[in-house]
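The values are calculated or read from the model by the stated rules, or taken from the named source; none is laboratory data. It should be emphasised that the depicted structure is a prediction, and the values quoted were computed from it without experimental measurement. Here Cβ is always computed from backbone atoms with ideal geometry, including for glycine, and neighbour counts include all displayed protein chains.
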Amino acid sequence: MKTRRSGILLHPTSLPSPYGIGDLGPEAYAFVDFLKKAGQTLWQVLPLAIPDETGSPYASASAFAGNWFIISPEILCAQGILPEKYLPRERPVGNVHYERIIPERRQMMWEALHHFDQTATQRLHRAFETFCRTERSWIRDYALFSAFKDRCGGKPWRRWPAGIATQRPSTLRVWEKRCTDDIRLYLFAQWVFYQQWFSLKAYANRRGIQIIGDVPFFVRYDSAVVWAHPELFLLDRRRQPQAVSGVPPDYFSRRGQVWGDPQYDWEYMRGSSFHWWVQRFAHARRMYDIVRLDHFRGYCALWHITRGAKTSRNGKWVHVPGQELFSKVKNSLGDVPFIAEDLGAITDDVVALRKRFALPTTRVLQFGFGGDPNNNHSPYNVPLNAVVYTGTHDNSTARGWITKDASPLERRNALLTLKAGVSSFAWKLIVTGMRSRANVFITTIQDVLNLGNEARLNRPGTKRKNWDWRMDINALPTRLARRLHALTKSTRR
């Protein structure tokens, strides 16, 4: 990414589709058209993984399965896979309610599968079968896990019957026969998701827009990966985590954060030539044009927290063989266009690893107004090989930050530096990012729309009222595209 480029961060769930959650249908294509009109060449999304019960795409039940909740009902209907009478009920655009969306989507996919089995052509059936064979390295584990979890009332896999929890072959065969239809549903949903996603990505690419995707560092304990491949993780003989993930106290949380994901067994990873990681990055490379590496500092060292700890304060750093890992990835996959999300407690070894593989650093303008002239996030200190943001999905919106969350010193410095008022601050921050030295500039759709913290997507360290914001149906007028296009052109992006 050596040319000057810019784009917008918007997760598909935030699109104003009419069925309760943003999806991969007409509104997604309309957003691509808006990006084109606005002169943007990048669309950044968050992980397209199945979210957890809070809506977080960073705590998925699979490292590979796509979020089938955002399958477009309209496209399914247009393809003749879903009869029109089974379309979900249309609703005014509002926040996502996952407890309502998930059962609706499951019922929709059951109806689509029944209709597909009865009416689909041989060509479509062959395409479905080919997909399942191509993705066999992960999709069977995911489908079995999901079907068994349904049969066990949604309980975590550790509370399943012993023979299933530990994958006793004879018990697995019995349960697989018992759950044949459920397993097929999850296979079918993945086929549909990936069809729709790759069609949307191809449309964006034809319009000159590349997708920046996101690979979470961890996977959750109650996931298909940990259930099917416990050898990848530091688990005890009862398959309980020996240590869990999190970060020490930082900007986002004074007590630190306990994420609770199991830690990887890096000795096993090294002994298997990092096969699972190579497979994971190969998958991400197919899904996206550019891959953001979440929690990049984790590829140098990880904060290990004792299982059951209430805070992360008493954790410890444990070394990770990141240089060996990325050398193997480069030898296997070539030069993958990675972005290093190197926010937080960054040490010299993290900087050295990023530079060793020439990865762009991440800078956030909201962090740059504390008064320290050496602040890496200051607009004056942004380097060339960087991706600079007004804010990320974890930040307040620009308007929310300047009106509420910035300290008095930060607010005074920011308004003076940008020569802005509160109402103009978000746009002035976008202008500053566009004019910066960084090769890549990304702003959030919330900042483009000058929205307050009612539109904030996530508050790290909390689990309520996150990941549910959605954009209004008429939020992107042509005049806004023209304004953004003019700025982009004037800053040579």
Only one of these conditions is not met by W160: (1) farther than 23 Å from L200 by Cβ; (2) surrounded by fewer than 16 Cβ atoms within 10 Å (Cβ to Cβ); (3) not aliphatic (A, V, I, L, M). Which number is it? (2)
Which residue out of Q190, Q196, Q167 is polar (S, T, N, Q), in contact (Cβ under 8 Å) with a residue 60 or more places away in the chain and under 19 Å from F31 (Cα atoms)? Q196
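Has the range 140-159 got at least one residue that is of a type in the set (S, T, N, Q) and touching a helix residue (DSSP H, G or I) at 6+ places or on another chain (Cβ under 6 Å)?
Looking through the range 140-159, at least one residue is of a type in the set (S, T, N, Q) and touching a helix residue (DSSP H, G or I) at 6+ places or on another chain (Cβ under 6 Å).
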Screening I70, I8, I75, I50 for residues that are β-branched (V, I, T), closer than 30 Å to T121 by Cα and over 14 Å from the mean Cα position of the chain (by Cα) leaves only I75
If you scan the range 326-371, which residues turn out to be farther than 27 Å from N381 by Cα, surrounded by 20 or more Cβ atoms within 10 Å (Cβ to Cβ) and touching a residue at least 40 places away in the same chain (Cβ under 8 Å)? V329
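Report, by residue number, each residue of the range 416-464 that is among the basic types (K, R), surrounded by fewer than 21 Cβ atoms within 10 Å (Cβ to Cβ) and within 30 Å of E53 (Cβ to Cβ).
Across the range 416-464, the qualifying residues are R459, K463, R464.
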Do you know which of the residues in the range 62-81 that are outside any loop (DSSP other than H, G, I, E, B) and in contact (Cβ under 8 Å) with a residue 24 or more places away in the chain is surrounded by the most Cβ atoms within 10 Å (Cβ to Cβ)? I70
For A202, only one of the following conditions fails: (1) hydrophobic (A, V, I, L, M, F, W, C); (2) closer than 18 Å to A340 by Cα; (3) surrounded by fewer than 16 Cβ atoms within 10 Å (Cβ to Cβ). What is its number? (2)
Flagged in the range 296-317 as of a type outside the set (A, V, I, L, M, F, W, C), buried (at least 16 other Cβ atoms within 10 Å of the Cβ) and closer than 9 Å to G256 by Cβ, in numbering order, are T311, S312, G315
If you take the residues in the range 131-154 that are exposed (fewer than 13 other Cβ atoms within 10 Å of the Cβ) and basic (K, R), which one is farthest from V225 (Cα to Cα)? R133
Within the range 373-424, track down each residue that is among the aromatic types (F, W, Y), at pLDDT 95 or above and under 24 Å from A358 (Cβ atoms). Y389
A careful count of residues in the range 469-493 that are buried (at least 18 other Cβ atoms within 10 Å of the Cβ) and within 21 Å of L15 (Cα to Cα) gives 6
Set F131, F116, F145: member being within 14 Å of V192 (Cα to Cα), assigned to a helix (DSSP H, G or I), under 24 Å from the mean Cα position of the chain (by Cα) and aromatic (F, W, Y): F131
Filtering the range 151-164 down to residues that are touching a Phe, Trp or Tyr at 6+ places or on another chain (Cβ under 9 Å) and outside any loop (DSSP other than H, G, I, E, B) yields R151, W157, R158, G163, I164
Can you tell me how many residues within the range 177-199 are surrounded by 16 or more Cβ atoms within 10 Å (Cβ to Cβ) and in a helix (DSSP H, G or I)? 16
Considering the range 421-435 alone, what residues qualify as being in contact (Cβ under 8 Å) with a residue 60 or more places away in the chain and of a type outside the set (A, V, I, L, M)? T432, G433
I'm trying to understand the selection: among the residues of the range 235-246, which are hydrophobic (A, V, I, L, M, F, W, C) and over 20 Å from Y58 (Cβ atoms)? L235
Please count how many residues of the range 317-372 are outside any loop (DSSP other than H, G, I, E, B), over 27 Å from D405 (Cα atoms) and among the small types (G, A, S). 4
Restricting to the range 82-99, name every residue that is within 27 Å of the chain's Cα centre (by Cα), assigned to a helix (DSSP H, G or I) and exposed (fewer than 14 other Cβ atoms within 10 Å of the Cβ). E99
Those residues of the range 148-158 which are more than 13 Å from R220 (Cβ to Cβ) and under 24 Å from the mean Cα position of the chain (by Cα) amount to G154
